[in-house]
Amino acid sequence: MEFQRTDFVSVPVADMARAKAFYRDVLRLHSPDWDAGWPEIETGNVSLYLVDPTVMGQTFAPHTAPLALRVDDVAAAKAELESRGVTFTGEQDTGVCNMAFFADTEGNSLMLHRRYAPVE
């Protein structure tokens, strides 16, 4: 068996309407159908699916490992999101990339990310 790629990442939500509003109106990400029960959000390479795990008989628990959203300029993107009410919990420069950490309305950990060092 050979895995070809990752098609999507599920993002657990407790309140679908609230989560849709955050990803649509605050992050301004694109979905071909925000009215779908499980909207697919396009990010350029891997789709995000907002999923209510209780519908599948599972317990809701937010992701604690941050999902990295690539941007051109972390500082500029952070300032823009702060102007829309997003609170950041920290920043880090690893010597390879810049990161700024925040959470969505459901408690899922997210980060703005930009690698600036060349890949060796």
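In table form, for the structure just shown:
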| item | result |
| --- | --- |
| Candidate set from region 11-30 (those that are more than 10 Å from the chain's Cα centre (by Cα) and of a type outside the set (A, V, I, L, M, F, W, C)); member that is farthest from T43 (Cα to Cα) | D15 |
| Any chance L112 is within 11 Å of the chain's Cα centre (by Cα) and open to solvent by 30 Å² or more (accessible area, probe 1.4 Å) | no |
| Candidates G44, G37 - the one that is on the phi > 0 side of the Ramachandran plot and surrounded by fewer than 16 Cβ atoms within 10 Å (Cβ to Cβ) | G44 |
| Some residue of region 2-18 being acidic (D, E), touching a residue at least 40 places away in the same chain (Cβ under 8 Å) and loosely packed, with under 13 Cβ neighbours inside 10 Å | yes |
| Subset of region 75-93 [open to solvent by 40 Å² or more (accessible area, probe 1.4 Å) and either in a helix (DSSP H, G or I) or among the hydroxyl-bearing types (S, T, Y) (or both)] | A75, A76, A79, E80, E82, S83, T87, T89 |
| Residues that are over 11 Å from T105 (Cα atoms) and among the aliphatic types (A, V, I, L, M), drawn from region 8-25 | V9, V11 |
| Unmet criterion (only one of (1) under 18 Å from T105 (Cβ atoms); (2) at pLDDT below 95; (3) under 13 Å from the mean Cα position of the chain (by Cα)) for H63 | (2) |
| Pairs with Cβ under 9 Å, 6+ apart, first in region 21-36 and in contact (Cβ under 8 Å) with a residue 40 or more places away in the chain, second of a type in the set (F, W, Y) and part of a loop (DSSP other than H, G, I, E, B) | Y23/W34 |
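The values are calculated or read from the model by the stated rules, or taken from the named source; none is laboratory data. Only a predicted model underlies this, so the values are computations on that prediction, with no experimental measurement involved. Glycine gets a Cβ as well: all are built from the backbone with ideal geometry, and neighbour counts include every protein chain shown. Keep in mind that these areas ignore ligands, DNA and RNA; they rest on the heavy atoms of the full protein, side chains included. Shrake-Rupley method; radii C 1.70, N 1.55, O 1.52, S 1.80 Å.
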